[in-house]
Structures are given as structure tokens and as C-alpha cells.
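The values are calculated or read from the model by the stated rules, or taken from the named source; none is laboratory data. The shown structure was predicted, so the numbers you read here are calculated from the model rather than taken from an experiment. Glycine gets a Cβ as well: all are built from the backbone with ideal geometry, and neighbour counts include every protein chain shown. Just so you know, the surface numbers come from the protein's heavy atoms only, side chains and all, with ligands and any DNA or RNA stripped out. Shrake-Rupley method; radii C 1.70, N 1.55, O 1.52, S 1.80 Å.
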Amino acid sequence: MRLYLETRDVGDRERWDALLDALDALSPLIEDIALGRAVLDMRGSTGDPRAWMERARAVLTSSSHGARLGCGPNTFCARAAAFTADGAVCAAGEARAFLAPLPLTLLELDAEIVARLHLLGIATLGELAALPYGPFVRRFGRDSGRWHELARGIERAPFRPRAHAVLIDAALFGEGCVDDETQIFFAIRMLLTRIANDLERAGMRAGALQLDVEFENGDAETLPIPLALPTAQERAMFEIVRAKLEGQRFPAPVCGLRLRAAHLEAGGEEQPLFAADDVDRERVATAIARLEGALGDDVGCARARAAHAFEDRFRYERFPLPAHATSAPVPPDPKLVPQLRLTPPREVAVRLRGGQPALVGSRAVLECVGPWRIEERTYVTTPLVRDEYDVLLEDGMLARIYRQGTRWYVRGTYD
């Protein structure tokens with residue numbers, strides 16, 4: 001469930017941020033929609049919607065006036081509940097019936113679109129939801145598919161929690177001064193140890209460093225130190241800082257150093273939950289139990305099926321434990337595992353059907369898996385982004401292809 005709130009007299013941005021900080025006690029997952037409008041993801045929170053709104057109102061009363069609150073299974077339904085009445089709740093599974101009598105203004109459409117719908121006799125969300133999906137989208141354009149889904153209580157927009165500022169720095173000021181580079185590098189190594197430990201605890205990586213140097217004569221100098229790749233590794237950061245300082249000449253002995261981590265981003269790298277040869281039943285069952293405890297729901301396995309509407313093209317089934325699992329994983333036979341042989345990229349013509357590759361060159365695609373979004377960071381400012389697919393062609397070839405921009409390339413083949 002999500003809790004939507006809209007309040008007046010919040011003042012400036014600083015006061016609004018302070019109010020959102022106070023709401024962290026209710027839920028740390030807060031999407032800042034606009035000044036005076038926010039939505040909280042209450043998944044895993046104790047209590048019911050009435051209790052959540054009472055606690056939120058206690059926070060809002062001390063710093064703002066005229067607050068309206070509402071709860072619903074997604075952001076749009078929660079906002080619709082607040083529009084209906086302060087403190088209203090749209091129960092899960094009843095979204096379409098709850099939204100049916102509400103006006104089209106909730107969709108925040110252009111006045112021209114609303115006028116066209118009124119000419120067709122469509123004035124409420126229920127009347128819009130009753131229209132056939134295909135003809136409606138063909139008449140009003142691609143964006144109208146989202147309006148139709150919202151009118152039925154379906155919202156696909158991702159929840160975007162607001163970011164929290166994290167300051168990670170370390171300083172060293174002594175009673176004396178140093179003019180030997182060995183002593184300076186030793187002090188910087190000590191500061192980087194603290195920085196690396198703080199980054200690890202926060203689960204972050206630094207994309208740049210900032211070194212502030214104070215001198216005996218009262219001067220100060222700031223050195224920005226960009227990092228080629230975001231990292232939390234002490235050694236990698238030290239090598240770059242040392243290379244930056246080796247060409248520097250300071251006007252006086254150094255008496256103070258401050259090192260700050262900047263351009264922070266989430267740390268860690270995406271890894272599969274289990275390796276290909278890891279089929280230990282106990283580990284799988286433990287991982288599923290942890291996921292269910294964190295999500296508050298059964299862990300499902302998506303199965304594709306044929307359907308006209310996109311949202312009906314899959315269903316969730318209970319995740320099955322591997323029946324052949326043993327406590328001692330058996331390594332796979334390398335002869336049975338296809339190996340990807342990378343080749344120099346060559347451009348190829350690809351035709352799509354339903355958003356998936358259907359024809360590669362002149363050969364039809366029998367099976368297709370993907371896409372995987374691949375982002376490679378390089379020393380240039382803009383990362384390379386591409387979508388990769390594995391395709392089985394009609395002649396039996398299993399190939400890896402990818403799309404970069406509007407062009408398609410063959411990356412390699414399996415053998």
C-alpha cells in the first residue's frame with residue numbers, strides 16, 4: 001500500500017525537505033513528487049492505513065496546514081483516494097470500482113484531450129475504462145494506453161524514492177607542518193582508509209575525490225580528483241591521488257588535509273542469485289524464505305503465455321525447488337554447456353515483431369531470449385549502452401546479437 005499526502009503552506013524547499021525527513025520515521029521510502037506532494041511506500045510497515053494516516057497527520061500538523069491524505073495499492077489510486085475525501089482508502093482489488101465515478105481531471109490531461117473525450121460522452125474514469133483498449137489507443141495515440149490502464153487502477157510507473165545526501169570525508173590537522181612528500185602520502189593513505197571504510201558501510205562508490213590542502217602561510221588549495229571508474233577500493237583511489245600530486249608544487253609546508261568523496265553512487269555489482277552449478281535445496285529454500293520475508297508475499301516464477309493484452313502475457317506460479325538438487329553440487333559437463341565465441345562486431349539487418357527480433361538477415365528466429373541492458377563505462381563521459389539478445393535461427397545457429405542505437409550487430413556465436 002502507498003500513502004499519498006498533499007499539503008499547503010510548506011514554505012520553501014528547505015522546509016519541505018525537513019518535513020520529508022520527519023516522515024522517514026513513518027517510512028524511509030518516500031517519493032518527492034513536487035513541493036507539497038509526496039507518496040510513501042508502506043510495504044512492511046506495522047499498522048493499517050488508518051493508523052498510518054494518523055501518524056503522518058501528527059507529523060504534518062506541526063509544520064503545515066490543510067493536509068489531505070489517502071491510501072491505495074499504487075500512487076494513482078492513493079492520490080485518487082485523497083481527492084475523494086481526506087483520509088479515504090482505496091482497498092486492494094477494488095481499484096476499478098473505486099475509480100469509476102471519479103472525473104477525468106485526475107489523469108492530468110490537456111484540456112483539448114478532455115474536450116474530445118467529453119464529445120464522445122466520456123466524463124468519468126469508469127466510462128473511459130469501459131472503452132475497448134485497441135480502438136481507443138489507435139484513435140488517441142500511444143500515451144492513451146497509460147490513461148486506459150490508470151482508469152482501470154493499473155499503474156506501471158516505477159516508484160522512485162528520494163535520495164538522501166551522504167557526506168563522506170576525513171580530515172587530518174596536526175600541530176606541526178610537513179614538507180616531505182612521503183609524509184604527505186602517508187597522511188593521505190590514512191584518510192583514504194577512513195573514506196573506504198565509510199563507503200563500504202554506506203554501500204556506496206565514489207566517482208571523484210576532493211582534496212583540500214592548508215599551508216603554513218595561511219593559504220589553501222582545493223584539488224578535484226576525478227576517478228576513471230566509481231570505486232570504494234582504497235588502493236585504486238590512492239594510486240590516482242598519488243599520480244595527481246606527483247606533479248604538484250606547493251607554496252609552503254602542509255599543515256592540514258581534508259579528503260572528501262564525491263559523485264557517490266550505489267555500490268556493488270549485479271550478480272546472479274545462484275551460480276549455474278549451485279542447486280543446493282537448503283540454500284535455495286533459505287533465499288526464497290528471505291525474499292518472502294522482505295517482500296511480504298509469495299515468491300513467484302513468471303511463465304509466459306499467449307494473450308492479446310500485454311499484462312496478460314504472463315502469470316506467476318509458485319517457485320519450484322529443484323527436484324534433482326543435492327547438497328554436493330555436481331559441476332556441469334563443459335561439453336554440454338554452449339560456449340560464446342566472440343567475433344568482431346558486424347552489422348546485420350534485423351526485423352522485429354512485437355518488439356522482439358523475428359528475422360536476422362534472411363534467417364527466421366525460432367527462439368529469442370532477452371533483452372539484457374548492458375552499460376559499459378569507459379573513459380569518455382557518456383557510457384556505451386546496448387540491448388543484447390540470444391537468438392536461435394532456423395538453420396540451427398545460436399547467436400548473440402545486440403542493438404546499439406538504431407543499428408544491430410552480431411556479437412558472437414555459441415558452439
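Extension gain for the segment GLN233 to GLU367, taken as residue separation times 0.36 nm less the Cα-Cα distance, is 44.1 nm to one decimal. Take 114-121, 129-136, 302-309 and order them by the average number of nearby Cβ atoms within 10 Å per residue, most first; the result is 129-136, 114-121, 302-309.
Scan region 1-40 for GluC sites (Glu not before Pro) in coil per DSSP, keeping those whose Cβ has at most 16 other Cβ atoms within 10 Å, and list them by number. Before the final figure, lay out the partial values.
Values: sites: GLU6, GLU14, GLU31; in loops: none.
When the GluC sites (Glu not before Pro) of region 1-40 are filtered for loop state and at most 16 Cβ neighbours within 10 Å, nothing remains.
Extension gain, ARG116 to ALA22, is 29.5 nm, computed as 0.36 nm per intervening residue step minus the present C-alpha separation.
So, R0 is 60 Å and r is the distance between the beta-carbons of THR182 and ILE288; what FRET efficiency does that work out to, to 0.05? Between THR182 and ILE288 the formula returns 0.65. Using alpha-carbon pairs under 8 Å, 6+ residues apart, how would you state the relative contact order of region 14-132 in percent? With pairs under 8 Å counted, the relative contact order is 15 percent.
Any idea what the relative contact order of region 93-164 is, in percent, if you count C-alpha pairs under 8 Å spaced at least 6 apart? Present the calculation step by step, with values, prior to reporting the outcome.
Details: 54 pairs, mean separation 26.2, N = 72.
Rounded, it is 36 percent for region 93-164.
Each residue of region 351-360 was assigned a 3J(HN,Hα) from its phi angle through the Karplus expression (A = 6.51, B = -1.76, C = 1.60, θ = phi - 60°), giving 10, 9, 9, x, x, 10, x, 10, 8, 10 Hz with x at Gly and Pro.
Rounded to whole Å, give me the distance from the Cα center of region 106-156 to that of region 201-238. Their Cα centres are 52 Å away from one another.
One chain, two ends: ARG407 and GLU216. Fully extended at 0.36 nm per residue, the span grows by 62.9 nm beyond their Cα-Cα distance.
Sorting LEU35, LEU359 by accessible area puts them as LEU35, LEU359; the probe is 1.4 Å, largest comes first, and only protein heavy atoms count.
Between ALA202 and ALA252, what FRET efficiency follows from the Cβ-Cβ distance if R0 is 45 Å, with the result rounded to 0.05? It would help to have the intermediate numbers written out before the result.
On the way: r = 35 Å, r/R0 = 0.78.
Calculated value: 0.80.
For the listed peptides 229-235, 249-255, a ranking on the average number of other beta carbons within 10 Å per residue, highest first, reads 229-235, 249-255.
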